[in-house]
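What follows is one structure encoded as structure tokens, with my remarks underneath.
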Amino acid sequence: MLSEKRRNDLLAHVRTRRTVSVEDLAELLDVSVSTVRRDLDALDGHGLLRRVHGGAMALDGGPDEPPIAERSIANPGEKRRIAAEAAKLVSPGGVILLTGGSTTAQMVPHLVTVPGLTVVTNSVAIAYAIGTASATTQVLVLGGLMRNAELSLLGHLTTQALTDLRIDAGFFSAYGVDPAYGMLGAHLAEAETDRSMIAAATRLVVLADHTKFTRRSAVRIAPLSGIDTLVTDTRTPPGAVTALRTAGVTVVTA
């Protein structure tokens, strides 16, 4: 089993069971105890779980969405390819909105080479990444209450700042995509802010790898009719791609 997949599976077991012994994880993953210990040490070092004597504990937090540190190491190849394709939709001199997320963050190296670009974001992490990578890319950070786990800003101050902005396209990392229902979110608290950001943009571009098509949520951020382009990877089920295209969504595979 590849180490990346093994560690993702290990994290899933810890999050589900909350507390798991090294021996149980070794049996579940069919690997040695020493391998599990190395994986646990590495994941603890990344702040993804808590290493305890004889095993590991899940970090506090809801089960709906893994923390961004965990999402950033999941499917990195697909996310890089998706981000590169999405960046091709950005024009010189344009104004785009970039929300926080592990996939949109991968767009940063491509964006800082686009001449005359202005990036509007509610992500402190993305603003920092662009600011430290480019001396010329203009960054406009939306104000608001910071959700500490995500380093994203939301609420009334965020939506208020959008009223004076003209945005060519909004690029969103999706929690989930339902081919019959639209783009899904994980948190009700963020939904209104996300919808306001979508409404401020002329076009909506959704970035979603194949794993997002198996997630379900009661929170719909945008209906299919509101999505202009969806960028995904080649492992997304063909039926889902067909359904999206039938609904009028332009689907780009990376």
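Readers should treat all values here as calculations from the given coordinates under stated rules, not as data from a laboratory. Quick caveat, the model's predicted, so the values are computed rather than measured. Neighbour counts run over all protein chains shown; Cβ positions are idealised from the backbone, glycine included.
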task: Could you calculate the contour length gain from ARG216 to THR16, that is, 0.36 nm times the residue separation minus the distance between their Cα atoms, to one decimal place in nm?
output: 70.3 nm
- prompt: For the chain, with the dipole built from +1 on Lys and Arg beta-carbon atoms and -1 on Asp and Glu ones, taken about the Cα centre, which of ILE221, MET107, ALA84 lies farthest toward the positive end?
  reply: ALA84
- line: Full extension between SER3 and LEU165 adds, at 0.36 nm per residue less the Cα distance, a length in nm of 53.9 nm
- request: Specify the angular offset, from 0 to 90 degrees and rounded to the nearest 10, of the alpha carbon long axis of helix 76-87 from the longest principal axis of the alpha carbons in the chain.
  value: 0 degrees
- line: If one builds a Gaussian network model of the chain from Cα atoms under 10 Å apart, the most fluctuating residue listed among ARG166, ARG81, ARG220 is ARG166
field: Charge dipole (debye, nearest 20) of the chain; +1 at Cβ of Lys and Arg, -1 at Cβ of Asp and Glu
entry: 240 debye
message: Taking every pair of distinct Cα atoms and averaging 1/r, then inverting, what Kirkwood hydrodynamic radius in Å comes out for the chain?
response: 19.1 Å
- line: Taking placed amide H atoms and a strict 5 Å upper bound, the residues 5 or more places from GLY100 or on another chain that come that close are ASN122, SER123
Kirkwood-type radius of the stretch 96-187, with distances r between different C-alpha atoms, in Å: 13.8 Å
task: Take the Cα radius of gyration of the stretch 132-254 and divide it by 2.2 N^0.38 Å, with N its residue count; two decimals is plenty.
output: 1.10
statement: Counting only DSSP beta bridges fully inside the stretch 146-254, the antiparallel percentage to nearest 5 is 40 percent
- prompt: In terms of Cα to Cα distance under 24 Å, which lysines are near enough to LYS5, apart from those fewer than 8 places away along the same chain?
  reply: LYS79, LYS212
query: What fraction of the DSSP beta bridges in the stretch 85-221 is antiparallel, stated in percent and rounded to the nearest 5?
result: 35 percent
message: Calculate the FRET efficiency for LEU145 and SER32 from the Cβ-Cβ distance with a Förster distance of 51 Å, rounded to the nearest 0.05.
response: 0.65
